[in-house]
Every structure is written in C-alpha cells, then in structure tokens.
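Some notes on the structure that comes next.
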Amino acid sequence: MPIDLRSYDHIVVLTGAGVSASSGLPTYRGPGGLWEKEGLSDLATSEAWQERPQDVWKLFGGLRGQVREVEPNAAHLALARMEALADGAFTLVTQNVDGLHQRAGSVNVVELHGNIHQTRCSSTDCKLEVFTDELAYEEVPVCSLCSAKLRPDIVLFGEALPVLGDHLATRALRDCDLFIAIGTSGTVSPASRFVRSAEYVGAHTVLVNLEAMDEGGSAFKEQFIGKADELLPEIFLPATAT
C-alpha cells in the first residue's frame, strides 16, 4: 500500500550504494561489489592513506572519472521529487560519495562519507577550504598553503564520520516521524543505529532494498523488496514518478 508523505512532518531518508547501482556504479559488497575485487578494500583504509597515498589516489581518482560518466537514475529523481512535494521537513542522509543526489535535484543532503568530487588538505591545522576537484592525479598532490598531502574528501575505513554530518543526521532523527532506508542492508552502522533511533522516537520505519531483513529482529515496520529505481516512483504519495 502506498505511503502518503503528506501524513508526516519530519521525514529522514538514508541511502546506500544500492540507490546508485542502476546508474551503473558498483555496490561495495556482495557479488560484483567493489570491495570484492582483490586488494581494493585494503586501499580504502586510513592505514593505506598513510602508507600508500598514491595508490589510494589511483583508486578514488579513477572512480571520479567513472562517476562523471553516469547519470542519476529514477530512484535519485524520485527522492528529489519527494523532497519537493513533502509538506514538512525532509532530510536525505547518504552514505554515497558520488554526488548523484544533488545532480538529481535533492537539496537538503547530508553526506556521511564525504564526496568523491572534493579534495581537502590532510593536515587538520591547515586553513585550506575543501574544494571541488575532478582531477585524477598521477602523483600525490600537495597543499598550496602548507605543502601537506591533499586527499579525496571521503571517509576511509578506520576514520570517524565527519562531526557536522553526524550531528545533522542525529538532529534530524530526533524529530523524525518517517524514516526510510534505501539501498542499504540496515544491519550495520550507521543504518542499524539510525533505524533504532527512529523507532525509539516513534517514527514509522521503512526499508527499500534488494534483500529483506528478518522481520523478527528488524526495527523496520514495512519492507519493500526490489530495485530502488523501480520501487520508489510507485510506493510514495503524492506520486513521485517523473
């Protein structure tokens, strides 16, 4: 049965890699996932950045080019329309770093894991502003202000979530009355933590994913199983189809 967005005042949506899969981007785990390829997951760590920064740049610099070649899919567009049609507050929290939500028209986006199209200085003392950057560097670039290494502005394994992003997501969940997780399993943090927080404040909780969770141990009240780009335009009212 469709869910009427007009019945809710504070909607929080969490998206994972499954939302971008239909745009042609790989998910991270499971069959064909990026981290299933030998050695790649080892490069997405804080240790690799310290020891092999050039290899880290080769991985994520290459992904920059791959992301540029794809377009937002029907799921991204539906979410942008959901935000435009929602009568109350709408916060889209994403674990994705591809920027496709913004390209689709979403406005209030919290990027938990950063953005692959941005670069920042690796020195925490440096005053260089984070900047948009599409270059795929052959050598590790250095900061123009302090000469420290520049790095992709993303969260690597072993690093904490950005303080601002985590704060904004947590604040939105305090008043949440509808929580929707899309393209993420809901079994690991932050998805598992977010749905429990939403459940605690009495929100209606919805999962849209390729695989169902065990309903006996799930905090999700409703589950829609299938591809996000096919389901999202159909299950939310007002109609989100474009």
Quick one: dipole size for the stretch 81-233, taken about the Cα centre, charges +1 on Lys/Arg Cβ and -1 on Asp/Glu Cβ, in debye to the nearest 20.
300
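Report the calculated FRET efficiency for Arg103 and Glu230 (r = Cβ-Cβ distance, R0 = 22 Å), to the nearest 0.05.
That pair, Arg103 with Glu230, gives E of 0.65.
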With r defined as the distance between the Cβ atoms of Gln66 and Ser7 and R0 fixed at 41 Å, what FRET efficiency is calculated, to the nearest 0.05?
0.55
Please work out the FRET efficiency for the pair Leu145 and Asp214, using the Cβ-Cβ distance as r and a Förster radius of 51 Å; give the result to the nearest 0.05.
0.50
Restricting to the chain, what percent of DSSP beta bridges are antiparallel, rounded to 5?
20
Please give the calculated 222 nm ellipticity per residue for the chain, where each DSSP H segment of at least 4 residues contributes -39500 (n - 2.57) and the sum is spread over every residue; nearest 500 deg cm²/dmol?
-8500 deg cm²/dmol
Pulled fully out, how much extra length does the chain show between Lys221 and Lys127, if you take 0.36 nm times their separation in residues and subtract their Cα-Cα distance?
29.3 nm
Taking the chain as the reference, fit the longest principal axis to its C-alpha atoms, fit the long axis of helix 74-85 to the helix C-alpha atoms, and give the angle between the two in degrees, 0 to 90, nearest 10.
60
Could you pull out the GluC sites (Glu not before Pro) across the stretch 107-158 that fall in loop regions by DSSP (anything but H, G, I, E, B) with no more than 15 other Cβ atoms inside 10 Å?
Glu129, Glu134, Glu138, Glu139
Select from Ala75, Ala136, Ala169 the residue whose mean-square fluctuation is largest in a Gaussian network model of the chain (Cα-Cα springs shorter than 10 Å).
Ala136
If amide H atoms are built 1.01 Å from N in the plane of the peptide, which residues on other chains or at least 5 residues away come under 5 Å of the amide H of Phe236?
Ile3
Measure nothing but the geometry: give the 0 to 90° angle between the long axis through the Cα atoms of 53-68 and the longest principal axis through the Cα atoms of the chain, rounded to 10°.
50
Give me, ordered by chain and number, the residues 5 or more places off Ile182 or on other chains with an amide H under 5 Å from its own placed amide H.
Leu14, Thr15, Gly16, Val208
Relative contact order of the chain, please, whole-number percent, based on alpha carbon pairs below 8 angstrom and at least 6 residues apart.
26
Selection from Pro152, Val67, Ala104 lying farthest towards where the dipole of the chain points positive, charges on Cβ
Pro152
So who's got an amide H within less than 5 Å of the one on Phe90, skipping anything under 5 residues away but keeping other chains? H placed 1.01 Å off N, in plane.
Ile11
When the scattering of the stretch 85-180 is computed by the Debye formula from its Cα atoms alone, each counted once and equally, what is log10 I(q)/I(0) at q = 0.23 Å⁻¹?
-1.26
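Throughout, read-outs are computed from the coordinates displayed, never taken from laboratory work. None of these values were measured; they are calculated from a predicted model. All Cβ positions, glycine included, derive from the backbone under ideal geometry; neighbour counts span all protein chains shown.
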